[in-house]
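Colleague: Once you've had a glance at the structure underneath, I'll fire off some questions.
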Amino acid sequence: MQKGNIGVTTENIFPVIKKFLYSDHEIFLREMVSNAVDATQKLKTLAQTGDFKGEAGDLTVHVSLDEKNKTLTISDRGIGMTAEEIDKYINQIAFSGVTDFLDKYKDSANAIIGHFGLGFYSAFMVSKKVEIVTRSYQEGAKAVKWSCDGSPEFTLEEVEKADRGSDIILYIDDDCKEFLEKNKIQELLNKYCKFMAVPIAFGKKTEWKDGKQVDTDEDDIINNVEPLWTKAPSSLKDEDYQSFYRTLYPMQDEPLFWIHLNVDYPFNLTGILYFPRIKSNLELQRNKIQLYCNQVFVTDQVEGIVPEFLTLLHGVIDSPDIPLNVSRSYLQSDANVKKISTYITKKVADRLAAIFKEDRKQYEEKWDDLKLFINYGMLTQEDFYDRAKDFTLLKDVEGKYFTLEEYKTLIKGEQTDKDGNLIYLYANNKEEQYTYIEAAKQKGYSVLLFDGDLDTPVASNLFEQKLEKTRFTRVDSDIIDRLIVKDDAPKNELDQEQSDNLSEVFRSQMPAIEKTEFHVEVQALGESAQPVIITQSEYMRRMKDMSRFQSGMAFYGQMPDMYTIVLNCNHPLVKNVLNDTTANTSEALKPILSELKGLDARMAVINQEQSKKKYDELTQEEKDEKTNTQKAIDEQKDKKKQIIADYAKGNSIVHQLIDLALLQNGMLKGAALDKFLKRSIDLIK
């Protein structure tokens, strides 16, 4: 028996592996099975080249549990090892210097294993002792057993082993007992090994017998050695792709379509990417692409390999040019990874463009599922807009689809304002904004439907920047004549006093709604327009919408919703309210208006006199005079407001007009809605 120390420059390699790699220690099984598959593949290669002339026989890799002895064994019939090869490949660890390792690699088992050649030694993350019983394929080779208990000391001795290949026996540590559970091993084999290129058996297939499941004599092969992405696209049918998708994602809806990737220069990459049916909720759709290296699962965290927006796709990417043991920092600087990212983006764009050109009807039918993905791509990937602009669609409220260029041509004549800006009108909800949409249609305008999560951000943050002299405006953000201004606005024929009084009548009766502010203004909109219209500032709405996606703008999300109540002074009902206000309040307001006139004149004189001095030169008496005069003005204005409010409180038409406008905007609820319904009945009587 040979005894010795493993060739490593530090004695605390095993505690480091144990302690610092514990968070993702499950990958040990991937490493063990991968090594067994590699050994088997090497034997196949030697057989093909004539360097191995024996009978290959069954090359299945076996994974087996022994709960009594607390062992997990991975067995193969590959090339095996001689004592010399064990000394070369196992006893000499490609590892030097533990100092920078602790800082740089402590959080990533993938990183340390990949950078330092520690694939086999990942076994010590879960084992208190590891044995290798192996016999080389070479004629006359002796079988040997290597054993190590997690210290730098090992033993190596000759043993009997009838067949070539290797058995790796892991004596599972007490704090890793879950790796002695059949279900846990089944789960890990399914995660990491289900597409490896050599059959892998774990346990036996079962059958139903005498009222219970019993083992048969047939091995349970857990993997598919020829997954779909390894086959030629010409040999596959739609059903094959759909069936494979169900294998990958059993609970998902059918995909829209897919791309089969196959390139061997300037890098090797195969795979299948599926376009899932996604309409909202970006976060739930991420991490659905599985990355493989020669059919060995690596990760489903592919942000470093594909652009961010492509993480919404589902499927598989397999490339030997991406290291099996990846780390984020390595990926970001790897030249091949960057080329792969560019290639995948181009292939996705080419596929979408081809579908659009070949079958536009089918493309339009799938647009509502596709647009979130494409919009996200245009917002986050700088060069994707240039590829996508020709197959990006706009949908109007009638359900018709247009390319950007087609829609521009459609609306150019009617929707260009007096300054030459092309105004794109849009609605987010056809039902809730019906009245505003109809008002636009009556003007001969087209209205787009932006009912997706990213429709409005794409329009305001991208299209407005890319398309010349273009503005997107929600159809309810102003009265229709001010959305697309063709001529100077019609003149309001009311004097200032009348406008102020009319505004105060409605302002005083606006309901108190949490986080909502109302501003009232009077406009001449014509007799046929609505008497009262509620609009919301386009700017503030955009800021609030953006606050949902950009954390730095969160304060906009906390601000109240700001609405404008536009009173149409040309409408007969509003005229009647103004006339009735004048008739019922003029006597009570006369002394107040007279007092205000005097106070305003007095304030004008004070301002004129004090404007000749700096504030520091004013006497306290002068300051007090101005303060007291302003206070008197405010008191009179408050009295005026109170008189108007007292009148308005009893005017059922004012309340009815306000409630109708609120109802139209989905803002009339609960007790207020009930009150409106009862008042409506009373007015009909």
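Colleague: Suppose the filter is modelled with pLDDT of 85 or more, open to solvent by less than 70 Å² (accessible area, probe 1.4 Å), touching a Phe, Trp or Tyr at 6+ places or on another chain (Cβ under 9 Å) and within 28 Å of residue 321 (Cα to Cα); does residue 123 pass it? Write out each step before concluding.
Modeller: Working: modelled with pLDDT of 85 or more: yes; open to solvent by less than 70 Å² (accessible area, probe 1.4 Å): yes; touching a Phe, Trp or Tyr at 6+ places or on another chain (Cβ under 9 Å): yes; within 28 Å of residue 321 (Cα to Cα): yes.
Spelling it out, residue 123 is indeed modelled with pLDDT of 85 or more, open to solvent by less than 70 Å² (accessible area, probe 1.4 Å), touching a Phe, Trp or Tyr at 6+ places or on another chain (Cβ under 9 Å) and within 28 Å of residue 321 (Cα to Cα).
Colleague: Could you give every pair whose Cβ atoms fall below 6 Å, whose first residue belongs to the stretch 165-194 and is touching a residue at least 60 places away in the same chain (Cβ under 8 Å), and whose second residue is part of a strand (DSSP E or B) and open to solvent by 30 Å² or more (accessible area, probe 1.4 Å), counting only separations of at least 6 or pairs across chains?
Modeller: Close Cβ pairs satisfying both conditions: 171/128; 171/129.
Colleague: What number goes with the only condition from (1) in contact with a Leu (Cβ under 9 Å, 6 or more places away or on another chain); (2) at pLDDT 85 or above; (3) within 23 Å of residue 232 (Cβ to Cβ); (4) assigned to a helix (DSSP H, G or I) that residue 350 does not pass?
Modeller: (1)
Colleague: Restricting to the stretch 345-374, and then to whatever is touching a residue at least 24 places away in the same chain (Cβ under 8 Å) and under 17 Å from the mean Cα position of the chain (by Cα), can you tell me which residue is most open to solvent (accessible area, probe 1.4 Å)?
Modeller: Only one residue fits best here, namely 368.
Colleague: Could you run through the stretch 50-76 and say how many residues are over 14 Å from residue 200 (Cα atoms) and not aliphatic (A, V, I, L, M)?
Modeller: Total satisfying the criteria: 13.
Colleague: Of all residues being assigned to a loop (DSSP other than H, G, I, E, B) and among the hydroxyl-bearing types (Ser, Thr, Tyr) in the stretch 460-513, which is surrounded by the most Cβ atoms within 10 Å (Cβ to Cβ)? Just the residue, please. Can you show your working first?
Modeller: Filtering the stretch 460-513 for residues assigned to a loop (DSSP other than H, G, I, E, B) gives 467-469, 475-479, 484-495, 508-513.
After this cut, where a residue has to be among the hydroxyl-bearing types (Ser, Thr, Tyr) as well, the list is 477, 508.
Values: 477: 20, 508: 17.
Only one residue fits best here, namely 477.
Colleague: Which count do you get for residues in the stretch 162-184 that are out of contact with any helix residue (DSSP H, G or I) (no Cβ under 7 Å at 6 or more places or on another chain), part of a strand (DSSP E or B) and either of a type in the set (A, V, I, L, M, F, W, C) or open to solvent by 90 Å² or more (accessible area, probe 1.4 Å) (or both)?
Modeller: So the count comes out to 1.
Colleague: Of all residues in the stretch 311-347, how many are part of a helix (DSSP H, G or I) and at pLDDT 85 or above?
Modeller: Of the stretch 311-347, the ones part of a helix (DSSP H, G or I) are 311-312, 328-333, 335-347.
Keeping just the survivors that are at pLDDT 85 or above gives 343-347.
So the count comes out to 5.
Colleague: Turning to a different aspect of this structure: Can you tell me how many residues within the stretch 425-437 are in a helix (DSSP H, G or I) and either open to solvent by 40 Å² or more (accessible area, probe 1.4 Å) or in contact (Cβ under 8 Å) with a residue 60 or more places away in the chain (or both)? Walk me through it before giving the result.
Modeller: Just the residues of the stretch 425-437 that are in a helix (DSSP H, G or I), to begin with: 434-437.
Retained after the next criterion (residues that are either open to solvent by 40 Å² or more (accessible area, probe 1.4 Å) or in contact (Cβ under 8 Å) with a residue 60 or more places away in the chain (or both)): 434-435.
The total comes to 2.
Colleague: Does residue 615 qualify as being open to solvent by less than 40 Å² (accessible area, probe 1.4 Å) and hydroxyl-bearing (Ser, Thr, Tyr)?
Modeller: Working: open to solvent by less than 40 Å² (accessible area, probe 1.4 Å): no; hydroxyl-bearing (Ser, Thr, Tyr): yes.
Judged against the criteria, residue 615 is not a match.
Colleague: Picking from 642, 630, 656, which residue would you name as being without any contact (Cβ under 8 Å) to a residue 12 or more places away in the chain, under 25 Å from residue 504 (Cα atoms) and surrounded by 13 or more Cβ atoms within 10 Å (Cβ to Cβ)?
Modeller: 642
Colleague: Being at pLDDT 90 or above, within 30 Å of residue 303 (Cα to Cα), open to solvent by less than 20 Å² (accessible area, probe 1.4 Å) and not aromatic (Phe, Trp, Tyr): is that true of residue 422 here?
Modeller: No: the conditions fail for residue 422.
Colleague: Checking the structure you have, find out if any residue of the stretch 438-449 is surrounded by 20 or more Cβ atoms within 10 Å (Cβ to Cβ) and assigned to a helix (DSSP H, G or I).
Modeller: Yes.
Colleague: Identify the single condition in (1) open to solvent by 30 Å² or more (accessible area, probe 1.4 Å); (2) in a loop (DSSP other than H, G, I, E, B); (3) over 24 Å from residue 345 (Cβ atoms) that residue 196 does not satisfy, given that it satisfies every other one.
Modeller: The one condition residue 196 does not meet is (1).
Colleague: If you go through the stretch 394-413 one residue at a time, do you hit one that is over 27 Å from residue 483 (Cβ atoms) and assigned to a loop (DSSP other than H, G, I, E, B)?
Modeller: Here is the first cut: in the stretch 394-413, the residues over 27 Å from residue 483 (Cβ atoms) are none.
Checked against the condition, which is being over 27 Å from residue 483 (Cβ atoms) and assigned to a loop (DSSP other than H, G, I, E, B), the stretch 394-413 yields no hits at all.
Colleague: Would you confirm, using the coordinates I've provided, whether residue 456 is open to solvent by 20 Å² or more (accessible area, probe 1.4 Å), in a helix (DSSP H, G or I) and modelled with pLDDT under 90?
Modeller: Considered against the rule, which asks whether it is open to solvent by 20 Å² or more (accessible area, probe 1.4 Å), in a helix (DSSP H, G or I) and modelled with pLDDT under 90, residue 456 comes out as no.
Colleague: Now, a different point. Just to verify a result, which residue in the stretch 666-682, among those that are within 42 Å of the chain's Cα centre (by Cα), open to solvent by 40 Å² or more (accessible area, probe 1.4 Å) and not small (Gly, Ala, Ser), is nearest to residue 476 (Cα to Cα)?
Modeller: Among them, the one singled out is 669.
Colleague: Assuming residue 208 fulfils every condition listed in (1) touching a strand residue (DSSP E or B) at 6+ places or on another chain (Cβ under 7 Å); (2) open to solvent by 20 Å² or more (accessible area, probe 1.4 Å); (3) part of a strand (DSSP E or B) apart from one, which condition is it?
Modeller: (1)
Colleague: Working only within the stretch 375-413, note down all residues that are open to solvent by 50 Å² or more (accessible area, probe 1.4 Å), free of Cβ contacts under 8 Å to residues at least 60 places away in the same chain and not basic (Lys, Arg).
Modeller: Answer for the stretch 375-413, where residues must be open to solvent by 50 Å² or more (accessible area, probe 1.4 Å), free of Cβ contacts under 8 Å to residues at least 60 places away in the same chain and not basic (Lys, Arg): 382, 383, 386, 390, 398, 405, 406, 409, 410, 413.
Colleague: Next up: Can you work out which of the residues in the stretch 232-279 that are without any contact (Cβ under 8 Å) to a residue 24 or more places away in the chain and among the charged types (D, E, K, R) is surrounded by the most Cβ atoms within 10 Å (Cβ to Cβ)?
Modeller: The residue in question is 240.
Colleague: Would a scan of the stretch 30-41 turn up a residue that is over 29 Å from residue 174 (Cα atoms) and open to solvent by 50 Å² or more (accessible area, probe 1.4 Å)? Give the derivation first.
Modeller: The initial filter retains those residues of the stretch 30-41 that are over 29 Å from residue 174 (Cα atoms), namely 38-41.
Going one step further and asking which of them are open to solvent by 50 Å² or more (accessible area, probe 1.4 Å), we end up with 38, 41.
Within the stretch 30-41 (the criterion being over 29 Å from residue 174 (Cα atoms) and open to solvent by 50 Å² or more (accessible area, probe 1.4 Å)), the answer is yes, since at least one residue qualifies.
Colleague: Determine if the stretch 472-484 includes at least one residue that is free of Cβ contacts under 8 Å to residues at least 40 places away in the same chain and of a type in the set (Asp, Glu).
Modeller: no
Colleague: Give the number of residues within the stretch 37-55 that are under 12 Å from residue 76 (Cβ atoms) and not charged (D, E, K, R).
Modeller: Residues that pass the stated criteria total 5.
Colleague: Also, I was wondering about something else. Do you know which of the residues in the stretch 514-526 that are in contact with a strand residue (DSSP E or B) (Cβ under 8 Å, 6 or more places away or on another chain) and part of a loop (DSSP other than H, G, I, E, B) is farthest from residue 572 (Cα to Cα)? So that I can check it myself, show each step before the final result.
Modeller: Looking only at the stretch 514-526, we keep the residues that are in contact with a strand residue (DSSP E or B) (Cβ under 8 Å, 6 or more places away or on another chain), and these are 515-526.
From the residues that got through so far, the ones that are part of a loop (DSSP other than H, G, I, E, B) too are 515, 524-526.
Values: 515: 33, 524: 12, 525: 12, 526: 10 Å.
So the residue we want is 515.
Colleague: While we're on this one: Against the definition (modelled with pLDDT under 85 and within 30 Å of residue 177 (Cα to Cα)), how does residue 92 come out, yes or no? Full working, then the answer.
Modeller: Values: modelled with pLDDT under 85: yes; within 30 Å of residue 177 (Cα to Cα): yes.
In short, yes.
The values are calculated or read from the model by the stated rules, or taken from the named source; none is laboratory data. Remember, it's a predicted structure, so these values are computed and weren't measured experimentally. Cβ sites come from the backbone with ideal geometry, for glycine too, and all protein chains shown count toward neighbours. Areas reflect the complete protein model, heavy atoms only, side chains present, ligands, DNA and RNA absent. Shrake-Rupley method; radii C 1.70, N 1.55, O 1.52, S 1.80 Å.
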